[in-house]
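Bear in mind these aren't lab numbers, they're just calculated from the coordinates by the rules spelled out. Bear in mind the structure is a predicted one, so any value in this text is a computation, not a measurement. Glycine gets a Cβ as well: all are built from the backbone with ideal geometry, and neighbour counts include every protein chain shown.
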Amino acid sequence: MAVVARDSEPGAAAGASRPAAASRLMASMAGLDWLAKIWWTCLSISLFAGLWELCWALGWADEKLLPPPHIFLSNIAEQGRYFNTATRWQVGQSMTEGPSAFESVLITGAATTARVFVGLILASVLAIGVGVLVRYYRFFDRLVLPTITLLSPVSPIAWLPVAIFLFGIGNAPAIFMVVVALFFHMVLATINQIDTVNTNLINVARTMGASKAQIYARVIVPAILPGMLQVLRMNLFGAWMVVLVAESTGVGYGMGQVIMLARNTFNPSLVFFTIAVIGVLGFTFDWLLRLAQRRILYWLPDTAERLRVL
Amino acid sequence: MSSEGAPHFSSRDAVVCRGVGKTWAAGTKRAHNALTDIDLDVAPGEFVVFLGPSGCGKSTLLYLIAGLEDATEGQLWSFGDLVETPSPQRSLIFQETSLFPWLTVWENVSFGLSIRGASKEERRTVAAEALQRVGLKAAMDKRPDELSGGMRQRVAVARALAMRPKVLLMDEPFAALDVQTRARMQDFLLDVWRDSGASVLFVTHHIDEAVALADRVVVFTSRPGRIKTIVPIDMPRPRNLFSREAETLRIQLTDLLRDEVDRAFAEQEALTATA
């Protein structure tokens, strides 16, 4: 083993110092990196808002139809009255009583976010489960996959009446809408992810005597996780879109209901204010998901830098 | 190579192939015969190198011996047992890294034991021992992406050794490494082979590698893969690869391969001409 011993010393030393140096560098950069990200995010939003304000200043954007940010953000208290209207009605409060404007926005936002979250979790669990089963049992594949492919292109709007027939009014139809809008695509995405797992990894497990169930649990599921989280992130935005459709048809309260209220009362300021709130919620949700992704997928290198050199 | 017609059911050889062949996508329009008429005996503890042009079916034969694919002709035995499924006795090491990126080095090495439900202490002990043998015990708790290509392949070797295999199957394991690392890895592999006492079946298209490693070099013809000839190498180890003897062998093997590569090229040109 003379050769091995000679080889191992510098090899192990290099292995130890390289990541250590890299992580030290990362740590010193991390603070700046974080600030820079916030700076660029603010700049990006300001640029968009600035263009809008410019159009308003030049008289191209009519403030009654396209009120710029400084107008629709100026009277939050006024806008807030329209949020959470359903619960006001439930507890018999008038428009001037009950939670403050800010609280109302929070309650409504939280309700919508909760529906998105529950729907997304349900859809993911069901889709990954069904996707794995499709590949695991040939019989299940033949029996179920044609129907899933058939239902996959159906627009969520088409499911809306079904949601109401089945679940009436409340949280359930909104969650159902989110699940049904995401489920079929996510099943197909799961199957695609399973099909692209590196064959070597599966063969290694096979030569070590792993059973089919062990190969699925120990190799295929961890191997598809990175791709599945990416799919989940893409579908997060889909979920936000669908939940508004569901809420606009009288789930009770929620961002979608506020948008409909704004439409019916011809209140562009309220429309844009609600859009802004939805944007902030969706952005935050995506950010949290990316954080979770980095935690769960600790083994993946950061590949975003790859294209920067071009 | 044995020339008797009767199948050696009683043979205790590490690998016995009789009339082995493989047709991919058999029975369809895309069917193509990758490998045919392979008779081969590998003694326990022997180091055999499969040498041949790309696409000659030498990797296919390795997969058949591993039990990962079924032969469409003939039969294979290992230590007297018919090869039907993969077995931990016959470990396969791939060209690309095949480590599980979500597991640490030691968890990778002890993956086979965890399949059998071994306790964590036992797995760590076995992993430490196997990693010691490849000189990477210090890297136990690292992740595969923190290692260099050569180190990753050593971990893959350690993972195979942890299963105490009687046959090590290696599919161009050093092909992705640079020349210097490759030479080191060859020395390393010879040490591991001597220590473990396992038979090694090693696929390569590098003549230098064959001369450096093999007890016997099995030279393949191009499609469909057949055994063209088997060249024994009697040079004592450690080998002087700059000796006249080594040079003579390299020339001999180059000549043997050249015909096959020429033939493969001619076939490909004929194919593109008709297409």
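Across segment A:77-300, the fraction of Cα-Cα pairs farther apart than 31 Å, rounded to a whole number, is 33%. Seen from every direction in turn and averaged, the convex hull around the alpha carbons of the protein assembly as shown projects onto 36.8 nm².
Just to verify a number: FRET efficiency for A:ALA77 and A:GLU53, C-beta to C-beta distance, R0 = 30 Å, to 0.05? All intermediate terms of the calculation are to be shown ahead of the outcome.
On the way: r = 22 Å, r/R0 = 0.73.
Once the sixth-power term is evaluated, E becomes 0.85.
Restricting attention to segment B:37-112, which chymotrypsin sites (Phe, Trp or Tyr not before Pro) occupy a DSSP loop and are surrounded by at most 13 other Cβ atoms within 10 Å? Numbers along the way, then the final one.
Details: sites: B:PHE47, B:PHE50, B:TYR63, B:TRP77, B:PHE79, B:PHE94, B:TRP102, B:TRP106, B:PHE111; in loops: B:PHE79, B:PHE94, B:TRP102.
For chymotrypsin sites (Phe, Trp or Tyr not before Pro) across segment B:37-112 that sit outside H, G, I, E and B with at most 13 neighbouring Cβ atoms in 10 Å, the list is empty.
For helix B:244-274, report the angle its Cα long axis makes with the longest principal axis of the Cα atoms of chain B; keep it between 0 and 90° and round to the nearest 10°. It is inclined by approximately 70 degrees. Using the Cβ-Cβ distance between A:THR149 and A:VAL118 with R0 set to 22 Å, the FRET efficiency from 1/(1 + (r/R0)^6) comes to roughly 0.25.
Under 18 Å of direct C-alpha separation, and excluding same-chain neighbours fewer than eight residues apart, B:LYS137 reaches these lysines: B:LYS120.
Values of log10 I(q)/I(0) for segment A:229-289 across q = 0.12, 0.14, 0.28, 0.29 Å⁻¹ run -0.32, -0.42, -1.13, -1.17, by the Debye formula with one identical scatterer at each alpha carbon and no solvent. Springs join every pair of Cα atoms under 10 Å in this Gaussian network model of chain B, and among B:ASP234, B:ASP259, B:ASP208 the largest mean-square fluctuation is at B:ASP234. Stokes-Einstein diffusion of chain B at 20 °C, 1.002 mPa s viscosity, Kirkwood radius from Cα pairs, rounded to a whole number: 109 µm²/s.
With both labels modelled 7 Å from their Cα along Cα-to-Cβ, the A:TRP39 to A:MET241 distance reads 3.5 nm. Among B:ALA71, B:ALA127, B:ALA175, the largest mean-square fluctuation in a Gaussian network model of chain B (Cα springs under 10 Å) belongs to B:ALA175. Relative to the longest principal axis of the Cα atoms of chain B, the long axis of helix B:120-133 lies at roughly 60 degrees.
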